[in-house]
Every structure is written in structure tokens, then in C-alpha cells.
Amino acid sequence: MRIFFTGGSGKAGHHVAPYLAAQGHQVVNADLAPLGHPDVVDLRVDLTDAGEVYSALAGVPTPGDFDDTGLDLTRGSAYDAVVHFAAVPRPQVVPDAATYATNVLSQYNVFEAATRLGIRKVVFASSETTYGVCFGQGERKPLYVPVDEEHPVVPEDSYAMSKVAGEVTARSFHARTGADLYGLRINNVIEPHEYAEMFPAFLDDPALRRRNLFAYIDVRDLGQMTLRCLETDGLGFEIFNVANADMSVAATTREVIDRFYEGVEVRREMGRDETFYSIDKARALLGYEPEHSWRDVLTDPRAGA
Ligand SMILES: NC(=O)c1ccc[n+]([C@@H]2O[C@H](COP(=O)([O-])OP(=O)(O)OC[C@H]3O[C@@H](n4cnc5c(N)ncnc54)[C@H](O)[C@@H]3O)[C@@H](O)[C@H]2O)c1
């Protein structure tokens, strides 16, 4: 596949874009900053500019494509799929209004250009924050656990609001074009080196993970999830939670419920260390199965659960 990947220079993208290239796909990284990876072509695009986005998606993807005499760029796009990860990735990086404007405009421009130019697959980054717990004022609890994609989204911050707007926008472009637009409600992204740096503190104090519903997503499993979305056609508009199978704390599921989730409905029996961030839908519709865990890396005795 020829993949137009936005945000490939960022925390998640600089793992996922090269991973897709390593699977044999041709990946162009559309970002304000270059990635500089030998297997990924960098294209500097400001995604808030609709003209730039259209032009980028309608252009010749890579230098090698100049030799493809079968490539017809007089209509539509040469790309087969778009992965849209670029964003202001949380509040308090820029003022709230700028977070909202950047993300909403970028999402709209990418979805419109992609679907109008005939690209039938768009995978885009939404966020766990849409559920309102992460950046809520004070303590917000989920209505029920495990939190699945049917849980209400009631965010209080501009970043999560922008992600809800992105989901609504994607659904509308699907309604008009019938294209596949899959939104990933990504949990807190963890790079492999961060286990040793960050997790010992999480094991000492599980309260540090309350705002993430005690979950996490290994960036390599996010890569797997993205690939599965690209390989699974015909689902239309869908939203998927993305997380690892276990929690990012050593406390058991029961202990976390007793300490943090008083009054929260527990909808089904849960495993000893099972994540509160349900990945059942991704498993069922995409065959997603996370392969990584902090428990494989840390030598802390609490990892051997
Ligand atoms: N990191 C997390 O824990 C997390 C959790 C949930 C969802 N997400 C979402 O996943 C995606 C990737 O997150 P990340 O942590 O890699 O973020 P990041 O900030 O590290 O990377 C985002 C990239 O987008 C690019 N970008 C921003 N504005 C742009 C514009 N106008 N035009 C072109 N490029 C632009 C930046 O240059 C950057 O390389 C984001 O959509 C984020 O909201 C991240």
C-alpha cells in the first residue's frame, strides 16, 4: 500500500510509520518536522492548510514513483490509505483555542481531501481522553468498567473536545462517501525505554494512573493495531479502544476497584490484572492481540503476577 502518514515524526508516529514501512508498505510522512528515517519519505505539510493537504495527497508520493509510468495522477490520488496521527497531543502545550483549532482543522482537511480524492481507508488517532476522565476537573470516574466504546464521551478540555469533533467528522465523511474511517481511542502511549523510566513509580503509587484508567498502550502494539486497521476493509465508520491487555500498575483489578472505583458499576467478571480499558471490540473485529507488557521487561518482583 501507498500510505500517507501524518505525524510520523512524533512520539507514536516515529515508531509506527517505520513499522508500516518494514511490513512492505510505502510510507510518506506528512509532518511539519522531518522524521529522517531511511525507509520513510518526509514531506513537510501544514495540515491546517486545506490547499497543502489536497496538493500533498494528489501529488507523486515518492521519488521512486517518478519512474512509475502507469501512475495516473490526472484524477484522484495515488495513495491507498491515510493514517492521521498529527495533532497537538494534549492540553497545555499551546493555548486551548489553538489546540482545538489545529486539531479540528487538520482532521477536517485530511478527511475531506482523502475521501474526495477517492482514498477508501483512513485510520485516525482519537484518544482515551474523550471519556472525560483523563483531563477532567478533579476526580472523574467512569460510569462503568470495563470502559468500552459505548461509554459516553463527555470531555471537559479542548484537546479531548477536538478528538470528539474528529470522530463526528469522520462519521459524516463515511456517511457521504462510504469510505472506511476507523478512529483509534488510543490510551497513554508508552515507548519501550519508558518502562524502566516510568513504571517503578506507577507500581509504588497506582494513583498516578487514575487518569489513564490504569491502562497503557505499548507503541509496538499500537503499530500492530494500525496495521490491522489497514488490512481490514469494509467496516465503514468504527471507533476502537486501543490498550494493552493488562494494567500499568501492580495492584490487581480487584484492589483498584476497591480503592478507586467505589460506586462504579462492574459490568462483567474481570481477570486478575485485566485492563479497565476494554479492547474486546478490537479483538473481535480486527483480530488485535497485544504482544507486549511491562511485566516482560521489569525485574521488579511485582511484575511476576
Ligand atoms: N501520546 C499519547 O499518549 C497519546 C494518547 C492518545 C492519543 N494520542 C494521539 O496520537 C497521535 C500521536 O500522538 P504523539 O504522542 O505521537 O504526538 P506528538 O506531538 O509527539 O506528534 C504529533 C506530530 O504531529 C505533528 N503536527 C502537529 N501539528 C501539525 C500540523 N499542523 N501539520 C503537520 N504536522 C503537525 C508534529 O510536528 C508532531 O510530529 C495524536 O493525534 C495524539 O492526539 C496520543
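The numbers here are math on the coordinates, done by the rules we state, and not lab data. For clarity, every value in this text was computed on a predicted model and none was experimentally measured. Note that we place each Cβ from the backbone using ideal geometry, even for glycine, and neighbour counts take in every protein chain shown.
Restricting region 122-138 to residues that are in a loop (DSSP other than H, G, I, E, B) and not small (Gly, Ala, Ser), which is farthest from the ligand (Cβ to nearest atom)? Break it down stepwise before answering.
At the first step, the residues of region 122-138 found to be in a loop (DSSP other than H, G, I, E, B) are 132-138.
With the extra rule that they be not small (Gly, Ala, Ser), the set shrinks to 133-135, 137.
Working: Val133: 13, Cys134: 9, Phe135: 11, Gln137: 20 Å.
Looking at residues that are in a loop (DSSP other than H, G, I, E, B) and not small (Gly, Ala, Ser), I get Gln137.
Before we move on, is Val41 buried (at least 17 other Cβ atoms within 10 Å of the Cβ) and hydrophobic (A, V, I, L, M, F, W, C)? Working first, answer last.
Values: buried (at least 17 other Cβ atoms within 10 Å of the Cβ): yes; hydrophobic (A, V, I, L, M, F, W, C): yes.
Criteria met by Val41.
For Pro192, all conditions in the list (1) within 22 Å of Phe276 (Cβ to Cβ); (2) surrounded by fewer than 21 Cβ atoms within 10 Å (Cβ to Cβ) hold save one; what is the number of the exception?
The one condition Pro192 does not meet is (1).
Looking for something within 21 Å of Leu286 (Cα to Cα) and exposed (fewer than 15 other Cβ atoms within 10 Å of the Cβ) - is there at least one such residue anywhere in region 174-183? Quick ask: steps written out before the conclusion?
If we filter region 174-183 for residues that are within 21 Å of Leu286 (Cα to Cα), which is where we start, we get 174, 178-183.
Imposing the further condition that a residue be exposed (fewer than 15 other Cβ atoms within 10 Å of the Cβ) reduces the set to 178.
Checking region 174-183: at least one residue is within 21 Å of Leu286 (Cα to Cα) and exposed (fewer than 15 other Cβ atoms within 10 Å of the Cβ).
Take residues that are among the polar types (S, T, N, Q) and within 13 Å of the ligand (Cβ to nearest atom) and tell me which of the helices (runs of 4 or more DSSP H) falling wholly in region 144-233 contain 2 or more. Break it down into steps so the answer makes sense when it comes.
Numbers: elements: 158-177, 194-204, 219-231.
Result: 158-177.
Is it the case, given these coordinates, that Gly7 is within 13 Å of the ligand (Cβ to nearest atom) and either touching a residue at least 24 places away in the same chain (Cβ under 8 Å) or closer than 30 Å to Pro192 by Cα (or both)? Walk me through it before giving the result.
Working: within 13 Å of the ligand (Cβ to nearest atom): yes; either touching a residue at least 24 places away in the same chain (Cβ under 8 Å) or closer than 30 Å to Pro192 by Cα (or both): yes.
In short, yes.
Restricting region 10-31 to residues that are part of a strand (DSSP E or B) and more than 9 Å from the ligand (Cβ to nearest atom), which is nearest to Val53 (Cα to Cα)? Before you say what the answer is, go through the steps one by one.
Initial filter on region 10-31 (part of a strand (DSSP E or B)): 26-31.
Still in the list and also more than 9 Å from the ligand (Cβ to nearest atom): 26-28.
Details: Gln26: 18, Val27: 16, Val28: 13 Å.
Selected residue: Val28.
Provide a single number: the residues in region 78-110 that are in contact with a strand residue (DSSP E or B) (Cβ under 8 Å, 6 or more places away or on another chain), assigned to a loop (DSSP other than H, G, I, E, B) and within 10 Å of the ligand (Cβ to nearest atom).
Of the residues in region 78-110, the ones in contact with a strand residue (DSSP E or B) (Cβ under 8 Å, 6 or more places away or on another chain) are 78-87, 106-107, 110.
Subset that is assigned to a loop (DSSP other than H, G, I, E, B): 78-80, 85-87.
Restricting the remaining residues to those that are within 10 Å of the ligand (Cβ to nearest atom) gives 85-87.
The total comes to 3.
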